[in-house]
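The values are calculated or read from the model by the stated rules, or taken from the named source; none is laboratory data. From a predicted model like this one, the values you see are computed outputs, not experimental measurements. Note that we place each Cβ from the backbone using ideal geometry, even for glycine, and neighbour counts take in every protein chain shown.
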Amino acid sequence: MGELEPEVAALLRKYALQNALEYDGQGQVGSVMGRVMGENPDLRSRAKDLTSFIAAQVNEANAMAAEKGLDHIRELLESESPDALEKKVKERREGLPPLPNAEDGKVVLRFAPNPNGPLSLGHARGVVINAELASMHDGEVILRFDDTDAVVKRPDPEAYAMIEDDFTWLAGRAPDRILKASDRMDVYLEHASKTLAEEHAYVCQCSGEAFKEFRTSKTACPCRDRATEENMKLWEEMNDGTIQPGGAVIRIRTDMTLPNPALRDWPALRIQHADHPLVGDRYKVWPLLDFQSAVEDHLQGVTHIVRGKDLMDSTRKQTLLYEKFGWTYPETLYWGRVKVHEFGGFSTSQMKSDIAGGKYSGWDDPRLPTLRAMRRKGYDAGAMRKFWVDLGLTQKDISVPLSTLNSLNAKAVDADAPRLSFVREPRNVILDISGIEMDQVTLPIHPEHPDKGVREWPLGGDTIKVSIAREDWVSGSERRLKDFADIALADGPNEGVSGEVIRTERVGNTPIIHWLPENMAQPAVLLLEEEGELVAATGLLETNDYPDGTIVQLERMGFAILEGVEEDGVRRLVRLHG
């Protein structure tokens, strides 16, 4: 590399000093390189040549910081590049950044799940990001079912409707278009025939292992030089069933010397004789995802693709195909992996197997990370959208706890969640209340929203039977019944023992417990997860007339959602989260 222009050298020195200062004398070449290229696009073409100079500057800045201290670095920047010391506070953006090269009203995005089961929390990112970006640009979002694999990820006929329902609930809008790839097979086969006729592809009859050797050695397989007529004849035999599964594939003719092995004559279609749940055995040849998706994206006018960075090779393969057809490839953005701690080991196929084996009760089992299960537990769609929008489109792999989503969800549902008391495994106490000048206990429906009104528990009579949770029973102890009175529990393990009302006013630090009078209690079962197991906690729920689906906050127990009433009058609830 020749001598750098003075202004470029000064710029790189500034970034190296700035990085050393920000990271306490431990500046990193990669970090500096990323900032240089990110803020100076005109230098990207020179990245390779600038690396050694940047490395030297970073080493020099780190050494200077170690020898003379960070204050010396700061003084240098003050004299040479004071702008580098300005604290750049990014304005907090509400929502996602706009798409590059997007024309409002003409943006088309797509979310393309495999319908082998309903959507999970992992799928939710694709729904949210694509729907939000489409709304931002007054564009469209397509729900496309990529269901061309009837063997490994066999479609579930019930999943199509479940996914459409999940999408609409989570996105807050229905998809603008819905497509099933299996309905479009003739289109894909027509394009495959065209690639063969125009010599953009060929029929390969090499075994997988044999072709792997050719790909590794960067040499063409014997099939590559077949005449077009022979390829077309073999193509017919693939489609009429003469050639059996594994006997041939269609490969896109690229360049067997390309640096990336994945791009070398990549497979586009293969033979599958499996019965497809929607179209039966009508087709013998099925497209692989890279080919099918590439063709469909073009035909549907997709302008932007948002996908995981693990699919960068798919972009590269499809771009090569687009070049052969003279098409313009969509703008592509990538995100890194997001691992939610509590849901690290689930897959749709494994969940399906576990449901069939009886480990889980169904797709809405509260222990599963499906959207159906999370909806059942009362997760708010708006909170989930905010969760994914806040994580954004970073390519960094990140790991987040479910508590982050739970916190957002709690904020979303808290204001509208009425308070109720649920007494788990109740113990009964008979209280003498003849000396109390109260005929009812009044509690707020929501302590922070007095406008929502109050709950009234009539007392009546000289004695009253109240229920407290088994875990709150300690013989001979004093407890305060929330919003009512301090009581002393009698000695003895038996149900129905008497207790003494000490006072109604609040004095001291007597432990507060929740409770229910007999005349305000109905039998209930609370479904909750404890240590990975689903537990049906029996107890008493405060009498109420809220409809099924109402999210409530149980005193000292967190949020739950009302599910229904059993034939015997037992009310069902499912706990959300802590």
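Within the stretch 127-143, being in contact (Cβ under 8 Å) with a residue 40 or more places away in the chain and either among the acidic types (D, E) or surrounded by fewer than 23 Cβ atoms within 10 Å (Cβ to Cβ) (or both) holds for E132, M136, G139, I142. Selection within the stretch 175-219: residues that are part of a loop (DSSP other than H, G, I, E, B) and touching an Asp or Glu at 6+ places or on another chain (Cβ under 8 Å). The member of this set that is surrounded by the fewest Cβ atoms within 10 Å (Cβ to Cβ) is D176.
Of all residues in the stretch 151-173, those that are small (G, A, S) and assigned to a loop (DSSP other than H, G, I, E, B) total 1. Looking only at the stretch 381-425, residues that are crowded, with 20+ Cβ neighbours inside 10 Å and polar (S, T, N, Q) come to 2 in all.
The residue of the stretch 537-578 that is nearest to S407 (Cα to Cα), among those that are assigned to a strand (DSSP E or B) and of a type in the set (G, A, S), is G558. Which ones in the stretch 220-246 are of a type in the set (V, I, T) and surrounded by fewer than 16 Cβ atoms within 10 Å (Cβ to Cβ)? Residues satisfying the conditions are T228, T242. State whether one or more residues within the stretch 493-500 are without any contact (Cβ under 8 Å) to a residue 60 or more places away in the chain and over 47 Å from the mean Cα position of the chain (by Cα). Yes, the conditions are met somewhere in the stretch 493-500.
Annotation note: of G139, G105, G117, G69, the sole residue that is of a type outside the set (A, V, I, L, M, F, W, C) and over 30 Å from the mean Cα position of the chain (by Cα) is G69. Would you check if D462 is at pLDDT 85 or above and more than 23 Å from L541 (Cβ to Cβ)? Considered against the rule, which asks whether it is at pLDDT 85 or above and more than 23 Å from L541 (Cβ to Cβ), D462 comes out as yes.
Name every residue in the stretch 429-456 that is of a type in the set (A, V, I, L, M, F, W, C) and closer than 14 Å to F484 by Cα, in order of residue number. Result: L431, I433, I436, M438, V441, L443. Taken residue by residue, the stretch 325-345 has at least one member that is of a type in the set (A, V, I, L, M), within 30 Å of N101 (Cβ to Cβ) and not in a loop (DSSP other than H, G, I, E, B).
When L554, L540 are screened for being in contact with a Pro (Cβ under 9 Å, 6 or more places away or on another chain), in contact (Cβ under 8 Å) with a residue 60 or more places away in the chain and either surrounded by fewer than 17 Cβ atoms within 10 Å (Cβ to Cβ) or under 14 Å from A521 (Cα atoms) (or both), only L540 passes. In the stretch 252-266, which residue that is part of a loop (DSSP other than H, G, I, E, B) and under 32 Å from the mean Cα position of the chain (by Cα) is surrounded by the most Cβ atoms within 10 Å (Cβ to Cβ)? Among those residues, the one meeting the criterion is W266. I need the full set of residues from the stretch 23-54 which are modelled with pLDDT of 80 or more and within 17 Å of D71 (Cβ to Cβ), in order please. Those that are modelled with pLDDT of 80 or more and within 17 Å of D71 (Cβ to Cβ): G25, Q26, G27. Would you point out the residue of the stretch 281-324, among those that are of a type in the set (S, T, Y) and in a helix (DSSP H, G or I), that is farthest from P261 (Cα to Cα)? Result: S293. Please list, ordered by first then second residue, the pairs with beta carbon atoms under 7 Å, 6 or more apart or interchain, first in the stretch 103-114 and closer than 10 Å to D297 by Cβ, second among the hydroxyl-bearing types (S, T, Y). Filtered contacts from the stretch 103-114: V108/T303; A112/S293.
One residue is enough: does the stretch 267-280 have a residue meeting the conditions assigned to a helix (DSSP H, G or I), touching a residue at least 60 places away in the same chain (Cβ under 8 Å) and out of contact with any strand residue (DSSP E or B) (no Cβ under 7 Å at 6 or more places or on another chain)? Taking every residue of the stretch 267-280 in turn, none turns out to be assigned to a helix (DSSP H, G or I), touching a residue at least 60 places away in the same chain (Cβ under 8 Å) and out of contact with any strand residue (DSSP E or B) (no Cβ under 7 Å at 6 or more places or on another chain).
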